[in-house]
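The values are calculated or read from the model by the stated rules, or taken from the named source; none is laboratory data. Values in this document were obtained by computation on a predicted structure and should not be read as measured data. Here the Cβ positions follow ideal geometry from the backbone for every residue, glycine too, while neighbour counts run over all protein chains shown.
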């Protein structure tokens, strides 16, 4: 790695060196200044050995996603890959080399996506993917620092109050849920337990304890490029949980068990092996996992047939209905947090802040019964 100095015609000193066969030039008003710049560069190369590689942003994010596949849940990997393909790989900055990226360039990308009408939540996902990929580039010695450190995540509007079903609406939906055969039971179990769509689809018979009257959530069905399949774990660490079930929920599960057994006995030879191996509470016709999107289609059909057109009343609103009903009937917030699998009671309170006025009114009625000696009533 030869080092040379020279005085240029413009009066600046030039210090040079060769790195991997390439000549590098550094300039300064004095020989010492030029040498210092060269030495800083060489020292940086020791800490960032790949800094001269001309890898583009698109190439790096793609490689990062591949390397992190086992670090993410199937759902997260699918979401991140979709964000990359749709919004990052097709952007103007995709072809820029990592060393060309600046906070200004990446801020403009976010502004452009917002201008196109994307929600702050979606642009926030783009921010999350880029931040993760470029943070890894720093730790791997590819760049000195992440330009995303100078880019703020888009502000997401405060979460709107969740939608819940009324008792009358639930009755109409259950009456309209004629297909598939198990769907009424599926909806009832969602209301009784507050489980997510994928958690219900991932339930196995060994997860149900009819003696202890409990149900355990340990896996979930997810949808990705390969189709619906059972994920290794539930959504988060807190999602792996055991909850108590009511007698009504147990009755629904017993009815479902009987229905599944009838289907297995009636299975044709081509499906018999799959039927015997299947332990899912709500299996597909082929005795595999049902797609979460299929649940959405069937539920939307039932809601439309029931004559309910209120925006926001999706299948997930059954979970909100479960939690809201418990809150309004005085169940402790920590118990509800555990049942829903939230990581914090703050999350639960944030979702169901719309219940607070009713709870506050009930608190006032309870407080009205307090009697203090020497109070105003004497």
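Listed values, structure above:
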| read-out | value |
| --- | --- |
| Test: residue in the stretch 56-67 that is surrounded by fewer than 18 Cβ atoms within 10 Å (Cβ to Cβ), more than 19 Å from residue 148 (Cβ to Cβ) and at pLDDT 80 or above | yes |
| Search result, residues across the stretch 80-101 that are surrounded by 14 or more Cβ atoms within 10 Å (Cβ to Cβ) and in a loop (DSSP other than H, G, I, E, B) | 89, 91, 96, 101 |
| Residue in the stretch 228-237 that is surrounded by 15 or more Cβ atoms within 10 Å (Cβ to Cβ), touching a residue at least 60 places away in the same chain (Cβ under 8 Å) and touching a helix residue (DSSP H, G or I) at 6+ places or on another chain (Cβ under 6 Å) present | yes |
| Residue check, residue 189 at pLDDT 90 or above, in the same structural domain as residue 336 (by TED's automatic domain parsing) and assigned to a helix (DSSP H, G or I) | yes |
| Boolean, residue 347 is surrounded by fewer than 16 Cβ atoms within 10 Å (Cβ to Cβ) and part of a helix (DSSP H, G or I) | yes |
| Some residue of the stretch 154-167 being within 16 Å of residue 283 (Cβ to Cβ), at pLDDT below 90 and surrounded by 12 or more Cβ atoms within 10 Å (Cβ to Cβ) | no |
| Boolean, residue 121 is surrounded by fewer than 14 Cβ atoms within 10 Å (Cβ to Cβ) and in a helix (DSSP H, G or I) | yes |
| Qualifying residue in the stretch 70-79 (condition: surrounded by fewer than 16 Cβ atoms within 10 Å (Cβ to Cβ) and at pLDDT 85 or above) | no |
| Set 145, 211, 229: member being at pLDDT 90 or above and outside any helix (DSSP H, G or I) | 211 |
| Subset of the stretch 267-283 (residues that are buried (at least 16 other Cβ atoms within 10 Å of the Cβ), modelled with pLDDT of 90 or more and part of a loop (DSSP other than H, G, I, E, B)) | 278, 281, 282 |
| Given (1) more than 20 Å from the chain's Cα centre (by Cα); (2) closer than 21 Å to residue 207 by Cβ, number of the condition residue 337 does not satisfy | (1) |
| All positions within the stretch 129-156 that are within 18 Å of the chain's Cα centre (by Cα) and free of Cβ contacts under 8 Å to residues at least 40 places away in the same chain | 131, 153, 155, 156 |
| Test: residue in the stretch 305-315 that is in contact with a helix residue (DSSP H, G or I) (Cβ under 8 Å, 6 or more places away or on another chain), in a helix (DSSP H, G or I) and in contact (Cβ under 8 Å) with a residue 40 or more places away in the chain | yes |
